[in-house]
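Worksheet: one structure, shown below.
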Amino acid sequence: MTETIHYEIDGSIAVIVIDNPPVNTGSWSVRKGLLDAVEKFTQDDTLIAAVIIGKDKNFISGSDLKEFGKPITPPELPQVIEAIEKCPKPVIAAISGATLGGGYELALGCDARLASENTIVGLPEVTLGMLPGAGGTQRLPRLIGMGKSIQVICSGKRYKSQEALKLGMIDAIAEGELRQFAVEFAKTAQKNPLSNKTVEKDESAEFDAIVKKALRAGKHRPPVQESIRLIKATADVGFYESLAEERRVFQQLRIDEEAFARRHLFFAETNAKKVINLKEAPIKPVKNIVVVGAGTMGTGIAVSALKAGFHVTVYDQSKSILVQCKSRIDSIYEADITSGLIKTEQRDVQLAQLELSDYKSAFENADLVIEAIYENLAVKQDLIRKIESIASANTIIASNTSYIDLDEIAEVSLRPENIVGIHFFNPAHIMRLVEVIHGNNTSQKVIATAFALIQKLGKLPIICKNSFGFIGNRIYAAYRYQCELMLEEGALPHQIDEAIERYGFNMGPFAVGDLSGLDIAWNMRKANAHKRNPEARYISIPDQICELGRFGVKTQAGYYSYADGKKQIDPVITKLIMYASEQKKIVRKEFSSEQIIERVLLTMANEAALLLAEGVTARMNDIDLVMINGFGFPKWEGGPAYWASRQNLDELYEKQKALAEVSGSGFIAGDISIFQKLAKTA
Ligand code: NAI
């Protein structure tokens, strides 16, 4: 036995306790200890059954991901499960808390799965670039059928005990104390290994639709495709043959580039959560939130806060705007009810916490005000004055500004230490990413409070220093500009968009521009024209498109035309772009998809290096999290900083030199060696 496994006897039952703090991951010591314990139990004729149980909250929260990038030290999990299945006496999994990945596969290897009410089960391997490699793809279909297994495995979703019971993933929820319930159950349990069961072939249209949906949602990535292939094989390939094939594929996938990238993101998120030690940092209690501005962002922010159980007042200038906002909030909730995300009673409880007001008195009891009003400095400053004249001295004021200097907003404040940026992404009730902006005077307590609040909203807070565009919009602006340069040099919008979409983004920059409206950026360019570097290469194509009244989808024309609602290449734009090149005497050249992607990645990495040098963020991992969670960078590529950290540095320098030349004198080169240095210490 190892120190993480305790072997206890309860009458005629062996109780094998997993004790690997803090969260009971399935490390080598757990596997070895379990194998020893199962062998000991098998040989002890005085015992009739065994129960495997977690010591504290979790059964096994998942495998130790650090093991997956290198050779795994035996015994591996399949060996432990094989010993359980081959043991002639029943072994019962008494599961609780997080029972994920290898933890749930271990439970599938047992003869029954009994759960406590707090259990969460799931097989998230696909989201980590792998697949369940210890029998998950073979045993789960034998328990719940092929269709449901595809849904569970390909989504990587986690299921609470009641839902898991309905799906058949667990056999029962314990009445009373789990250990006692399991021991009682074990006394009369029978041997019932899933490997003995057969799976019925499913050729229904419904099954076909499940497969197609899973492939689409999983972007046809190898882990999803392979999972489906293996799950389908349960109907016509022998259990052990298919089990060996599953292991072979798992061993391959876990050392593929995708799995490394996804592990990088997993650890990046785990570390992002620890950036502020909330147990130590003082936090202001927040109960009442006032959202100012009942427009696009205010509505989404209000819904997020309501769902997290806050009392929310939405304040705007007129009753009619508030009425429209309420109807948008109702529609969001209605859609959630229709798709089964929330129950009517929950909606009613949450909506009972909502108030809508056009009276300044709304600020009186606010713990935190989030402003999402027009993107205009003077208007935002006026609002700060107004709030401070009414609210208490402790009230935190958060701005959702995209581009305005937070310190300029805070200049009019009586208490600039209470001013913070909380930059949500659209749609705010769905997007996980929120940048938390540290102004020059923002207090540490206010930052910690904002950080904790965003976590309470179930979102991902990333802290950065006040700077134009913060992390995400700054990198996005550099990337879009680089794409505009390529238009002038020879590419067309659809070629760039297609290359970027093939790489894995949901949409290319020109399609995004059309969707969000080209006039917003146009107005900003006009307003900031005096700040522009006269030396920098200026691309007038976007301005010319706007001058034609083409603002994107809303005017049925932008970079593309949308005459009958469908996006189409527009010869007018092709001509306009050709003419722009001609005017500057640029000889247009062909771009391959690879050239487009390389330039995009290099641009993002270069801008990220500048952000790190300027101290906007100190963490390269945060840059990847921002681009992935806010801008659709494909997860399986790990993010632009990760990409740069994996390149040959000499080649990267060469490419950066070429990028500088082609971009012209406005280009500022960042120190792109930084990523490899930081990756070593991450
Ligand atoms: P919006 O135009 O949809 O809504 C703004 C709302 O603010 C309107 O309902 C307006 O009546 C209200 N308002 C304006 N001045 C006010 C005042 N003094 N007092 C009370 N209410 C006032 O704007 P949107 O798109 O929601 O943007 C709001 C803020 O969020 C801006 O700072 C914007 O830069 C930022 N943002 C916008 C994103 C987007 O995709 N729309 C994404 C992230 C940030």
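Take segment 329-344 and flag every residue that is within 16 Å of the ligand (Cβ to nearest atom) and open to solvent by 40 Å² or more (accessible area, probe 1.4 Å).
The one that is within 16 Å of the ligand (Cβ to nearest atom) and open to solvent by 40 Å² or more (accessible area, probe 1.4 Å): S331.
Restricting the search to segment 134-162, which residues are among the polar types (S, T, N, Q), out of contact with any helix residue (DSSP H, G or I) (no Cβ under 6 Å at 6 or more places or on another chain) and farther than 12 Å from P124 by Cα?
Result: S161, Q162.
Take segment 649-681 and flag every residue that is hydrophobic (A, V, I, L, M, F, W, C) and open to solvent by less than 30 Å² (accessible area, probe 1.4 Å).
L652, L659, I672, F675
I'm told N441 meets every condition in (1) away from the ligand (no atom under 16 Å from the Cβ); (2) in a helix (DSSP H, G or I); (3) open to solvent by 10 Å² or more (accessible area, probe 1.4 Å) except one. Can you identify the failing condition by its number?
Here N441 meets the rest and fails (2).
Just checking: which of the strands (runs of 3 or more DSSP E) contained wholly in segment 96-145 hold 2 or more residues that are at pLDDT 95 or above and of a type outside the set (V, I, T)?
98-100, 112-115
Is one or more of the residues making up segment 311-328 more than 16 Å from the ligand (Cβ to nearest atom) and either of a type outside the set (A, V, I, L, M) or within 21 Å of K459 (Cα to Cα) (or both)?
For segment 311-328, residues more than 16 Å from the ligand (Cβ to nearest atom) and either of a type outside the set (A, V, I, L, M) or within 21 Å of K459 (Cα to Cα) (or both): present.
Specify the residue that is nearest to the ligand (Cβ to nearest atom); the eligible residues are those in segment 370-386 that are open to solvent by less than 40 Å² (accessible area, probe 1.4 Å) and either more than 26 Å from the chain's Cα centre (by Cα) or in the same structural domain as I520 (by TED's automatic domain parsing) (or both).
L383
Name the single residue that is least open to solvent (accessible area, probe 1.4 Å) among those in segment 287-299 being farther than 21 Å from T449 by Cβ and either assigned to a helix (DSSP H, G or I) or more than 10 Å from the ligand (Cβ to nearest atom) (or both).
Result: T299.
For segment 107-125, enumerate the residues that are among the β-branched types (V, I, T) and open to solvent by 10 Å² or more (accessible area, probe 1.4 Å).
I120
When segment 10-26 is examined, which residues are found to be open to solvent by 20 Å² or more (accessible area, probe 1.4 Å) and either of a type outside the set (S, T, N, Q) or closer than 15 Å to E67 by Cβ (or both)?
Across segment 10-26, the qualifying residues are D10, G11, D19, N20, P21, P22, V23, T25.
Could you go through segment 352-365 and let me know if any residue there is in a helix (DSSP H, G or I), surrounded by fewer than 18 Cβ atoms within 10 Å (Cβ to Cβ) and either within 16 Å of the ligand (Cβ to nearest atom) or at pLDDT below 95 (or both).
yes
Out of segment 592-606, which residues are surrounded by fewer than 24 Cβ atoms within 10 Å (Cβ to Cβ) and either hydrophobic (A, V, I, L, M, F, W, C) or part of a helix (DSSP H, G or I) (or both)?
Hits for segment 592-606 are S593, E594, Q595, I596, I597, E598, L601, L602, T603.
Consider T2 against the criteria (1) in a strand (DSSP E or B); (2) out of contact with any strand residue (DSSP E or B) (no Cβ under 7 Å at 6 or more places or on another chain); (3) not small (G, A, S): it satisfies all of them except one. Which criterion is unmet?
(1)
Given (1) crowded, with 16+ Cβ neighbours inside 10 Å; (2) more than 18 Å from L100 (Cα to Cα), where does M1 come up short, assuming only one miss?
Only one criterion is unmet by M1, namely (1).
Which ones in segment 175-194 are buried (at least 18 other Cβ atoms within 10 Å of the Cβ) and either outside the structural domain of L140 (by TED's automatic domain parsing) or part of a helix (DSSP H, G or I) (or both)?
Once the filter is applied, which keeps residues that are buried (at least 18 other Cβ atoms within 10 Å of the Cβ) and either outside the structural domain of L140 (by TED's automatic domain parsing) or part of a helix (DSSP H, G or I) (or both), segment 175-194 yields L178, R179, F181, A182, V183, F185, A186, L194.
For segment 396-409: of the residues being within 12 Å of the ligand (Cβ to nearest atom) and modelled with pLDDT of 95 or more, which is farthest from I463 (Cα to Cα)?
Top of the filtered list is I409.
Can I84 be described as under 30 Å from Q162 (Cβ atoms) and over 25 Å from the mean Cα position of the chain (by Cα)?
Here the answer is yes, as I84 does meet what is asked.
Could you grab me the full set of residues in segment 33-75 that are among the polar types (S, T, N, Q) and surrounded by fewer than 18 Cβ atoms within 10 Å (Cβ to Cβ)?
Q43, T46, T73
Please find, among R550, R537, R502, R532, the residue that is assigned by TED's automatic domain parsing to the domain that holds E582, away from the ligand (no atom under 15 Å from the Cβ) and touching a strand residue (DSSP E or B) at 6+ places or on another chain (Cβ under 6 Å).
The unique qualifying residue is R550.
Within segment 512-554, work out how many residues are of a type in the set (A, V, I, L, M) and under 20 Å from A580 (Cβ atoms).
Of the residues in segment 512-554, 8 are of a type in the set (A, V, I, L, M) and under 20 Å from A580 (Cβ atoms).
Checking S389 against (1) in contact with a Lys or Arg (Cβ under 9 Å, 6 or more places away or on another chain); (2) more than 15 Å from the ligand (Cβ to nearest atom); (3) open to solvent by 50 Å² or more (accessible area, probe 1.4 Å); (4) hydroxyl-bearing (S, T, Y), which single condition isn't satisfied?
So S389 meets the others, but not (2).
Looking only at residues that are part of a helix (DSSP H, G or I) and of a type in the set (S, T, N, Q) in segment 612-662, which one is farthest from A261 (Cα to Cα)?
Among them, the one singled out is Q656.
Among all residue pairs at least 6 apart or on different chains, which show Cβ distances below 8 Å where the first residue, located in segment 309-323, is in a helix (DSSP H, G or I) and the second is within 11 Å of the ligand (Cβ to nearest atom)?
Close Cβ pairs (under 8 Å, with a partner that is within 11 Å of the ligand (Cβ to nearest atom)) amount to K319/D358; I321/A294; I321/G295; L322/A294; L322/V314; L322/D316; L322/S357; L322/D358.
Confirm whether A477 is assigned to a helix (DSSP H, G or I) and surrounded by 21 or more Cβ atoms within 10 Å (Cβ to Cβ).
Considered against the rule, which asks whether it is assigned to a helix (DSSP H, G or I) and surrounded by 21 or more Cβ atoms within 10 Å (Cβ to Cβ), A477 comes out as no.
Could you check, for segment 141-158, whether at least one of its residues is under 17 Å from P193 (Cβ atoms), basic (K, R) and in the same structural domain as D111 (by TED's automatic domain parsing)?
yes
Collect the residues in segment 410-432 that are more than 8 Å from the ligand (Cβ to nearest atom) and open to solvent by less than 40 Å² (accessible area, probe 1.4 Å), keeping them in residue-number order.
A410, V412, S413, P416, N418, I419, V420, G421, I422
Counting just the residues of segment 393-409 that are open to solvent by 50 Å² or more (accessible area, probe 1.4 Å) and either outside any helix (DSSP H, G or I) or not assigned by TED's automatic domain parsing to the domain that holds V436 (or both), which one comes out nearest to I471 (Cα to Cα)?
Checking each candidate, the answer is Y403.
Condition check ((1) polar (S, T, N, Q); (2) modelled with pLDDT under 95; (3) within 18 Å of P75 (Cα to Cα)) across all residues:
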residue	(1), (2), (3)
I9	no, no, no
V15	no, no, no
S27	yes, yes, yes
R31	no, no, yes
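The values are calculated or read from the model by the stated rules, or taken from the named source; none is laboratory data. Quantities reported herein were computed from a predicted structural model and do not represent experimental measurements. Ideal geometry is used to build each Cβ from the backbone, glycine not excepted, and the neighbour counts take in all protein chains shown. Only protein heavy atoms, including side chains, enter the accessible area calculation; ligands, DNA and RNA are left aside. Shrake-Rupley method; radii C 1.70, N 1.55, O 1.52, S 1.80 Å.
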